[in-house]
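Take a look at the structure below.
The values are calculated or read from the model by the stated rules, or taken from the named source; none is laboratory data. All of these numbers come straight from a predicted model, not from anything done at the bench. No Cβ is skipped: glycine too gets one built from the backbone with ideal geometry, and neighbour counts run over all protein chains shown.
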Amino acid sequence: MAASNPANITTIIFVLMGLPNTPQLRCVSFVVFLSIYLMTLVGNLTILTAIVSDARLHTPMYFFLANLSLIEMCYTTVTLPNILNNIVRQSNLISFRACICQVYLFTLCATAECVLLAIMAYDRYVAICIPLRYRIIMNQVVCLQLASTAWITGILNSIIQSLPTSLLPYCGLNKVDRLYCEVQPLLQLSCSDTTLNKMLITLSASLFGVGFMTFILVTYVFIVSAIDRIPSLSGRLKAFSTCSSHITVVIMYYGTLIFMYLRPTSSDSWTSDRVMSAMYCMAIPVLNPFIYSLRNKDVKRSIRNFLVLKRIP
């Protein structure tokens, strides 16, 4: 793996090909992307505010949900402001340093979310399968350690993925067939051997994609088995309701992840990659607050109480 010449780093420019070239479509795209960004920020900030302001939500499940909302806001902030800036400037160009920075931060968020979703599944397992020991196992120290593990793992994996990518030489017209910079399309632009980089991507996708998804599936096998043993129907529905939002998010997130990174390459993969990458960093973060708030009575109650208190002079 040959390293890029430091003197030439400032001259390397990438062209993001995900944006439409037609002025009318760019105008529509700006409105759509800005709306998505604002909805994501408002939705996730609302979830965070509800959790912080209501002492009844100071539990492990909502602590991890607060971390998830923070990750979702980071996702969109890494990508959407640059997209909006490119539309306003009518330019699809991004510098080498900005592109690698985007790769690093995006990988960090993606990895942290994979780990956090697995932690949330474990939290539901303990709450439903061994409820009498829940407060002992999921104490405050353990919750802080688990959340820190998600973020630290994200930092380490992003370094492992982005640093080797930044050392590759790039030649010719560097067209990135995405709305933002990712490791995978950058490797296709390098004019050197990227075998090691591809091995790192495969290892990361296998561990954080297949590995953690398998962990979540196995966890839910035990959870469903425990719910099925609850004698009353109302008890089973109540237990399942605490998992339904998490299950929905897991299906959306891992479904997109597997489609993007673990499927065979085909001739029409470029178009589908653009769509799925946009869903990966925009649609899922904006939908998560609605999934958790609309299907969670505690969160809805906290939001209503907070809004009522704000109206009181």
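Details
- Number of the condition not met by Gln90 [criteria: (1) on the phi > 0 side of the Ramachandran plot; (2) crowded, with 21+ Cβ neighbours inside 10 Å]: (2)
- Per the conditions (1) touching a strand residue (DSSP E or B) at 6+ places or on another chain (Cβ under 7 Å); (2) within 27 Å of Met282 (Cα to Cα), the sole criterion not satisfied by Tyr170 is (2).
- When restricted to residues that are of a type outside the set (Val, Ile, Thr), over 30 Å from Ile137 (Cβ atoms) and touching a helix residue (DSSP H, G or I) at 6+ places or on another chain (Cβ under 9 Å), the stretch 36-74 contains 5.
- One residue stands out among those in the stretch 151-178 that are farther than 12 Å from Thr107 by Cβ and at pLDDT 95 or above: the one that is surrounded by the most Cβ atoms within 10 Å (Cβ to Cβ), which is Trp151.
- Residues located in the stretch 207-256, provided they are charged (D, E, K, R) and in a helix (DSSP H, G or I): Asp228, Arg236, Lys238
- Helices (runs of 4 or more DSSP H) completely within the stretch 93-190 that count 3 or more residues being touching a residue at least 12 places away in the same chain (Cβ under 8 Å): 96-129, 140-166, 183-187
- Test: residue in the stretch 96-117 that is over 23 Å from Ile152 (Cα atoms) and surrounded by fewer than 24 Cβ atoms within 10 Å (Cβ to Cβ): yes
- Residues (touching a Phe, Trp or Tyr at 6+ places or on another chain (Cβ under 8 Å) and under 20 Å from Tyr62 (Cα atoms)) located in the stretch 125-164: Tyr125, Val126, Ala127, Cys129, Cys143, Leu146, Ala147
- Near pairs, Cβ below 6 angstrom, 6+ apart or cross-chain, from the stretch 73-86 (farther than 14 Å from Thr107 by Cα) to any residue that is at pLDDT below 90 and outside any helix (DSSP H, G or I): Ile83/Leu179; Asn86/Asn92
- Residues in the stretch 89-134 that are more than 14 Å from Cys243 (Cβ to Cβ) and of a type in the set (Asp, Glu): Glu113 only.
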